[in-house]
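Here's the structure, in structure tokens; my notes come after.
The values are calculated or read from the model by the stated rules, or taken from the named source; none is laboratory data. Here the structure is a predicted model, which means the values were calculated and not measured. Positions of Cβ are backbone-derived with ideal geometry, glycine not excepted, and every protein chain shown enters the neighbour counts.
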Amino acid sequence: MNNPLLLPELVELIVEQITVCEWPEYSCDRLQSCALISRTWIVPCQRALFRDISLYDYNRVVRFLPHLRRYPHLQNLIRYMKIWQTPPHSEARNDYLSCLIALFPLIPRLTYLCITFDKSRSWDTHDHQFIEAFGAFLHTSESLTELVIRNLRSDADFQQMFSYLEGTNVKRVVLYTEPYPPDDPFRVDFCSSTISVLNLPAIELLRVDWPDVLQLHIALSLWLRHYPTMFPNLKHLEVVINQSFDLDLLFRDVLQPVSLRLESFRLELMPRVLEDLALYEGLFEGLHFNHFKLCISEPGLGRYGAQTLINWLSYTLLHLANSRTTVHFVELTFTFVEIDDVEAVSAEWATLDEVLSHAAFTGVQRIHFEEDSDENDLITAQAEPELASEIQHAFPRLASRGVLCFE
């Protein structure tokens with residue numbers, strides 16, 4: 001029976017709030033209960049329940065697959081999906097992979113896919129069948145635009161994955177690898193000096209997050225060496241630095257040659273890198289990014305770490321301003337963990353405000369602040385007026401220029 005007192009628009013808002021404000025396991029139970037209220041609630045609840053699916057357990061996959069076949073209209077509701085090549089604590093791995101292969105034709109409207117590969121063993125026949133089915137899905141999917149690949153191990157694996165992307169509509173590619181022990185035989189290893197040059201015109205964003213920075217440097221050198229041909233429309237590059245490394249070498253050899261073509265570059269530094277930041281005062285010289293983003297992507301930095309980071313940033317930017325290098329930053333985005341405590345680093349903010357007011361940075365038109373590096377949420381005056389006001393107070397020179405953005 002329909003409830004005449006509750007408009008469909010209000011039902012949509014209630015369902016959205018349940019999805020946003022509760023943990024997934026709690027929201028699923030709540031949404032299932034709400035779907036029983038009346039017919040008005042069924043479609044909004046189904047849309048919320050099937051929008052984002054995680055398949056990491058054999059039993060879950062076995063139950064989920066027949067459900068999609070029995071109710072085909074649910075297939076079009078799935079937009080985001082995370083799957084594991086080998087689920088934890090599963091003895092029926094081959095049957096699990098067969099179910100995943102059968103799943104690919106049943107997700108025609110998928111826009112985001114994250115696949116976590118098993119980094120603890122070599123691939124067998126069933127794994128290769130799964131990979132081939134995945135490649136076929138990439139070529140037939142018209143809606144998939146973002147792909148996250150976790151734990152590929154070698155340059156051959158990446159070469160195969162990039163070959164599958166050729167001719168697809170995928171625009172955003174994220175490559176992530178979990179930490180490996182130094183003696184792990186399955187650790188990421190780039191040993192080839194050349195790669196087969198592909199043409200991937202659809203890719204606009206490439207994000208690389210590996211714990212082994214040396215291998216990251218080698219991989220980026222290989223891929224971006226053929227940048228105009230392999231990634232002709234690449235606009236955004238994001239790199240996560242997990243350990244101390246010769247960042248000057250990475251920037252000089254890899255980033256400077258491609259910076260002229262890119263619209264934005266995002267550099268994420270883990271806290272363990274902070275102790276060696278003083279070595280990289282010339283890091284930004286020669287870069288031409290229109291939008292440069294710097295963030296710390298891991299909590300627990302603390303007040304001292306935040307002070308260290310801001311001081312290093314001020315010193316590095318001042319070094320850049322005093323050099324003969326022309327500054328080409330038009331837009332800057334800063335992310336600092338624990339940014340809520342603006343007063344704790346007020347002196348450091350004042351120094352950064354003074355540096356960014358240097359004549360060399362008059363070309364900078366917009367400066368954004370991110371509060372949370374995981375969600376990458378920009379601070380807005382509407383959502384957080386007090387925090388936006390505190391930041392404007394901490395940067396009086398930049399505020400007077402009107403470059404601080406809190407839209």
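Based on this model, can you work out whether Thr145 counts as touching a His at 6+ places or on another chain (Cβ under 8 Å) and either of a type outside the set (Ser, Thr, Tyr) or crowded, with 16+ Cβ neighbours inside 10 Å (or both)? Let's see the steps before the verdict.
Details: touching a His at 6+ places or on another chain (Cβ under 8 Å): no; either of a type outside the set (Ser, Thr, Tyr) or crowded, with 16+ Cβ neighbours inside 10 Å (or both): yes.
Taking the combined requirement at face value, the residue does not satisfy it.
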Cβ pairs under 6 Å, 6+ apart, first in segment 46-66 and more than 19 Å from Pro105 (Cβ to Cβ), second assigned to a helix (DSSP H, G or I):
Arg47/Leu77; Ala48/Val15; Ala48/Thr19; Ala48/Leu31; Leu49/Leu31; Tyr58/Tyr96
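Can Tyr164 be described as among the hydroxyl-bearing types (Ser, Thr, Tyr), modelled with pLDDT of 80 or more and closer than 19 Å to Glu268 by Cβ?
Numbers: among the hydroxyl-bearing types (Ser, Thr, Tyr): yes; modelled with pLDDT of 80 or more: yes; closer than 19 Å to Glu268 by Cβ: no.
Criteria not met by Tyr164.
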All positions within segment 366-391 that are surrounded by fewer than 19 Cβ atoms within 10 Å (Cβ to Cβ) and either at positive phi or at pLDDT 85 or above (or both)
Arg366, Asn376
